[in-house]
Every structure is written in C-alpha cells, then in structure tokens.
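Written below as structure tokens is the structure these notes are about.
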C-alpha cells in the first residue's frame, strides 16, 4: 500500500481518498453539485490538500458506487439516481416519489394463505387463519426499485384482491377501504447483500448492496400490514431527523 | 431454475425460499427465537406449506447472511450479532450499546485542518478556516463495528484534541464542553458495498454490504458535528417508528 504522509497524516492514500470521496458523495446526494460544473481534479486537490493520485482514487470510488458518470470529452457529472425515502413520515412509494417518477407495481403474487406462525404474532392473527400475501416488484420509470413481500390482515386484505394493485400504493387502498388514516409504522433497517435470485429480480449483480426494511404499519390501533422490502442500494436513500432525548448533560 | 408450482403459486422455488427466509430473518432480529429451540425443517415445512427443499434453500439464505450458526450434532441456532441503532433518538454509540458491549474507539486521525469547500456549507464555516477532522475505527467487544469520519467546528473541536477520545463518545464530550444538550441531527442513510480498503479496515470481505450514514448534529441552534459513518451491515440494524402525516383519506 502506498503511503504518502503529508503534514503529520500517516494514513495511506486509500484513507485520504475515502475522506475526499465521502465529502463529495454527500454533496452529490444533497444535489449541491447539480447546477455547477463538477469540480476539476485540480479544484479537489486544492480543496483537500491532497495529491492528484488521491483525487483520482476518490473519483474511482464514487464511480464504482455509480455516483459519477464520466463522459469522454464532456467530463465528469454526478448521477442523481437515488430517491429520498422518509424515516420521519410514513408514506407509500407513489406518495414518496411524487415529482420524481412514475411508480408501477408488478404483482407477482396476491392470494390469501394460512398465516405462518413466524408472521402471526406481529399481526396478532391466530396461526393458520387467513392472511393476504402480496408480492410486488416495484419499478420507477421502468427500472426496478424494490421487491416487496407484504402480509395484510384478512378483513382488509380480501378487498385488496379486487383493487388495482398495479397503479396504487397499498397504504392508499387500506385508507380508502377503512375510511381511516394509517397511524404509524415500526421499522427495522439493514444493509444486506443481494442473493442471486433477488439480484436477478432487481436487475443488479449478485452481492449488490440492498437496503432491507421490515415495516409494520398500524391502522385503527392495530397492526394491519407487515412488509419485507428490498430496496436497491444504488437507487434509494433514507432521510430524516432524530432528536436528542432530554436528560442531564453528563460531565 | 426449478419451478414447483403449488396451489396456484407459479413462482420458482427461490421466490418461496425468500418468503420463508424473510419471516424467519425478522423473528431472529427481534429475538423471538432466542429462548426456544430453532424450528426444525419439518416445522417450517408445515408452517409455510412449502417443500423441504424450499426450507433448506431458505436456511441457506439466512446462513449466507450470517444469521444462523449450524453446529453439527447440535443443530441450527440463530446468531444475534446485530446491534439496534435508533432512528428516533440521537445517541452516541456507547449510549446506544449500553448493556450490549464495550465500545473502544481507535483514533486514526485527530487534527485541525482547513475546512474543504465540500464540507464548509453544511457546518456553516468559511472554507479554509480550521475544522477538527477526526477518524475513528469503533470496536464493540473487540470486533470492528464502524469507521467514522467526523468534522467538528473548531471552537468545540479544539477541546476534543485534549480529551479521551478512545473511551468517550464525541456527543458526550461536546455536551460536557458546552454545558448544553445536543438538539437533533439530520440523517441520510444508504446501503453501499465496502470498497477494498474500507473492507480491510472493518474486517469484512470486499463488497460486503455496509450501512452508510451521514449525520449532521446540532447544538445551541447551529450544526456542529458532521459525520460519515460506515457500519458493518452484519452487525447493525436501524430501528424506530415513523408516523403518518395527517391529511385527507384519499378515496
């Protein structure tokens, strides 16, 4: 590993390249580089006080993550293919992406099944009683964004069987059927590698990073909708705010 | 690809294996399988009405994700190596992991640097004015959990240079110095693949899924701490609740 210490910085070049890449990465994700020409290598060298080789390595990292497009003769431009998904507000995908693109849901399965024990407790269903199982691949502007496995309590789920699931968010339909607004959802999020089959379904290479989300949505005081969602890591960011719990400043 | 249609379900076996794996996955992550023997293949066959080969494929998926340990002669046990990180409350790592494990911070860099333009706007610093740059590898019970690149405004950052950064969260130190409680942070989260060098630093294979977090924390009404954090995907989950924005039920 090449080490070029500068100014007491004993890290290797890869460390410094990561530092440069991260700052640029979030400028791209925040859209800050949208309306200006992308900084030249010389600009970045000056801004971070690093070598040109370090800058090239940083740009290669962003390129590998699909955040830059390098067009010969034109130069480097940031790719803004990531959609913001809220972790503050519960929203269906079509609602989330208003103004970003058209959502189409490819329905792969929609049927009532006996509730597996592994699912029953979270939806407060007696194991073996019916639940709607729904499997959808969701595309935005024709490109796969996510693969969603959804369980919906039977009284509401039965009505989904007759609805237009291709063109509507399940959330919107549940609210239409019940006449009530959803209340909240509990989330668990992970970064996982795409298994071979999920990768093929989502149009990415096996092992690609996916944002995996478990979401349990509540309506009328009960859990009604349990989802397991695989988002393509190269197409989605999760955004929101967290507040500091009140408490003593520990000295 | 082998297709074994059952009961109008025209998906291939890999689809059904994913469905089974996802339900078990979140039972493991929620700790629901902690105190009972892990379900046998026969149990899972019965629970999901799938073939034994499908169940084996599902278990192989969980195994590949590091969620199961299969000990010959003993059987299968779930691995609970993932730490819950809150997306509702702003907390430092040591606070988050109270009761889970001991956090050690390996400080790789801690120095004042001229603020790069790519960073300045977010922290409301004049480009070129000093900012503290801090790079830490964070280990829980001796195993790498994350690699954190942090920029702290100079008035608070200077004091961090004399503090015990190995044993303390930066958040706790900032509150000690200022006598004020942090207020909130803005988050952007992504799933990314580990580049070769980050992978080596975190002790995972190149390309492993990482949860990448940008976090901008506020104190006394101004942004003071900007972090770029790579969490190992196999060790961290993000958890919290989202509420439904009030509004009309769209019919």
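Just so you know, all these numbers are worked out from the coordinates, no wet-lab data involved. Everything quoted here is computed from the prediction, not taken from an experiment. Positions of Cβ are generated from backbone atoms using ideal geometry, with glycine treated the same way; all protein chains shown enter the neighbour counts.
Worth a mention:
- Annotation for the range B:32-90 versus the range A:200-244: alpha-carbon center distance of 20 Å.
- Antiparallel beta bridges, as assigned by DSSP with both residues in chain B, represent about 95 percent of the total such bridges.
- In chain A, the longest principal axis of the Cα atoms and the axis of helix A:13-29 are about 50 degrees apart.
- Helix A:52-64 axis, angle to chain A major axis (alpha carbon atoms, nearest 10°): 20 degrees
- Extension gain (nm, one decimal) between residue A:246 and residue A:69, 0.36 nm per residue minus Cα-Cα: 59.3 nm
- Estimated 222 nm signal from helices in chain B, with DSSP H stretches of n ≥ 4 weighted -39500 (n - 2.57), rounded to 500: -8000 deg cm²/dmol
- With a 10 Å cut-off around each Cβ of B:50-59, the average count of Cβ atoms from other chains is 0.
- Efficiency of FRET between residue B:100 and residue B:164 - r from beta-carbon atoms, R0 25 angstrom, step 0.05: 0.75
- Mean per-residue shielding of peptide B:17-26 is 6, counting Cβ atoms of other chains within 10 Å of each Cβ.
- Here the relative contact order of chain A, from alpha carbon pairs under 8 Å that lie six or more residues apart, stands at 16 percent.
- Estimated inter-spin distance, residue A:46 and residue A:121, nm [label 7 Å along Cα→Cβ]: 6.1 nm
- Shielding by other protein chains, A:108-121, mean Cβ within 10 Å: 5
- Rg over Rh, two decimals, the range B:29-128 (C-alpha only, Kirkwood Rh): 1.23
- Expressed in Å, the radius of gyration and Dmax of the Cα atoms of the range B:13-78 are 10.9, 30.
- The protein assembly as shown: Cα Rg divided by the 2.2 N^0.38 Å rule of thumb: 1.01
- Computed from the C-alpha gyration tensor, the three semi-axes of the ellipsoid equivalent to the range A:83-239 are 24, 18, 15 Å, from longest to shortest.
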